[in-house]
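Structure record follows, encoded as C-alpha cells.
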Amino acid sequence: MMGKGNKKKKKLEKMRSAARQQVGKLYIIAACLALLVCGGGHPKRDKVKKQGKRSDSY
C-alpha cells in the first residue's frame with residue numbers, strides 16, 4: 001500500500017521531469033533563434049570562403 005509521502009514523491013518526480021523537458025525545449029528554441037539572428041555561419045567553412053578556396057576542392 002502506497003503512503004501519502006510516496007504519492008507526493010512520484011508526483012514531484014513527474015513535475016521535475018516535465019520541467020526539465022521544457023527547459024530543454026527552450027534551450028533548443030534559443031539556439032535556433034541565435035542561429036537565425038547571427039547568420040549561423042560555420043567558422044571553418046567561412047574561413048575557406050574568405051581565402052578564395054573552393055570548399056569542394058581536393
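Rule-based calculations on the coordinates, nothing more; no lab input. The model shown is predicted, which means the values in this text are computed figures rather than measured ones. All Cβ positions, even for glycine, are placed from backbone atoms using ideal geometry, and neighbour counts span all protein chains on display.
Could you please report the charge total around Ala19, scoring K, R as +1 and D, E as -1 over all other residues with beta-carbon less than 12 angstrom from its beta-carbon?
Details: positive: Lys14, Arg16, Arg20, Lys25; negative: Glu13.
Residues near Ala19 contribute +3 overall.
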Cα-projected label distance for Lys11 with Leu36, points at 7 Å along beta-carbon direction, nm: 3.8
